[in-house]
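So the structure is just underneath, and the comments pick up after that.
Since every read-out is calculated from the coordinates, none of them should be taken as a lab result. Everything numeric in this text was worked out from a predicted model, so none of it was measured. Every residue, glycine as well, gets a Cβ built from its backbone with ideal geometry; the counts of neighbours run over all protein chains shown.
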Amino acid sequence: MLDEKILNEMRDLLEQEKIQLVSELTSIARPDKSVKGEWKVQFPTFERSENISHAQKEEEADEVEEYEMRLAAEDSLESRLLEVNHALERIQTPQYGVCKKCRQPLGLDRLRANPAADYHTEHIE
Ligand SMILES: [Zn+2]
């Protein structure tokens, strides 16, 4: 059983990470109002330069490239945010810090490395 001091430490880590994740997500996406926990990537619109004939196609290509990078980033940020939110709910229950697979305590090292962990590393391929 984890004591109050450790739980507070983990809660702080999770809250900080959540703030970080939300701020990163906000820079590339907007919350999807229709699905809770989902975000929609914003298509980037770069400044158009004056020299249209030369630059426009290049800028459009850059925007598509940037959009694809955002899609990949959004995907991992969004799933990490779900894990962190889930851990913040679980931290209020006795299940927090207990491995979902073998039901043994995860241990402090594991939790400090990933406060949202719910399995021992050895169960993860
Ligand atoms: Zn385990």
Charge dipole of the chain about the Cα centre (unit charges at C-beta), most positive-ward option of Ile19, Ser76, Leu108: Leu108
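How much mean residue ellipticity at 222 nm does the chain get from its helices, if each DSSP H run of length 4 or more adds -39500 (n - 2.57) and you divide by all residues, to the nearest 500 deg cm²/dmol?
The helix contribution divided over the chain gives -19500 deg cm²/dmol.
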For the chain, what is the number of Lys pairs with C-alpha distance below 22 angstrom, counting only pairs 8 or more positions apart or on separate chains? 4
Given just the C-alpha atoms of the range 53-100, how large is their convex hull per residue in cubic angstrom? 60 Å³
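If you place +1 on the Cβ of every Lys and Arg, -1 on the Cβ of every Asp and Glu, and leave all else neutral, what size is the dipole of the chain about its Cα centre, to the nearest 20 Debye? Spell out each step's value before the answer.
Values: 17 positive and 28 negative charges, 183 e Å.
Computed about the Cα centre, the dipole is about 880 debye.
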Give the Debye-formula value of log10 I(q)/I(0) at each listed q (0.17, 0.18, 0.22 Å⁻¹), with one equal scatterer per alpha carbon of the chain, two decimals each. -0.90, -0.96, -1.18
Between Leu7 and Lys33, what's the calculated FRET efficiency when r is the beta-carbon distance and R0 is 22 Å? Round to 0.05. 0.10
By average Cβ neighbour count within 10 Å, what is the ranking of 35-44, 9-18 from highest down? 9-18, 35-44
Evaluate 2.2 N^0.38 Å with N set to the residue count of the range 7-76, then give the Cα radius of gyration divided by it. 1.53
